[in-house]
1. May I ask you to list pairs of residues, at least six apart or on different chains, whose Cβ atoms are under 6 Å apart, with the first in the range 38-64 being within 16 Å of K7 (Cβ to Cβ) and charged (D, E, K, R) and the second being surrounded by 10 or more Cβ atoms within 10 Å (Cβ to Cβ) and modelled with pLDDT of 95 or more?
2. Looking at (1) assigned to a helix (DSSP H, G or I); (2) at pLDDT below 95, can you tell me which one H63 breaks?
3. Could you list, in sequence order, all residues of the range 23-50 that are among the hydrophobic types (A, V, I, L, M, F, W, C) and in contact with a strand residue (DSSP E or B) (Cβ under 7 Å, 6 or more places away or on another chain)?
4. From the set of residues in the range 1-19 that are assigned to a loop (DSSP other than H, G, I, E, B) and either modelled with pLDDT of 75 or more or touching a Ser or Thr at 6+ places or on another chain (Cβ under 9 Å) (or both), which is surrounded by the fewest Cβ atoms within 10 Å (Cβ to Cβ)?
Amino acid sequence: MAGEQRKLATPEEVAEWLQVPVDRLKRWRKERRGPAYMRVGRDVRYAWADVHRWCLASRSGDHG
């Protein structure tokens, strides 16, 4: 559906997608590194667009 908003991701979902441990995401949040995140009450959530943007910005080397 056009314009449909994608659901927010849990740390577990992002960790699985990035193939890193959940604890690493937690450490990155404390160090102010990693993908942008938000708090929904006490819970941490990620917008998939932010995760993808962070991945693209984190690429090393010139691939073009």
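1. R45/L8; R45/M38; D50/P35; D50/A36
2. (1)
3. Scanning the range 23-50 gives M38, W48.
4. Within the range 1-19, the match that is surrounded by the fewest Cβ atoms within 10 Å (Cβ to Cβ) is Q19.
The values are calculated or read from the model by the stated rules, or taken from the named source; none is laboratory data. Only a predicted model underlies this, so the values are computations on that prediction, with no experimental measurement involved. In this analysis, Cβ positions are derived from the backbone assuming ideal geometry, glycine residues included, and neighbour counts consider all displayed protein chains.
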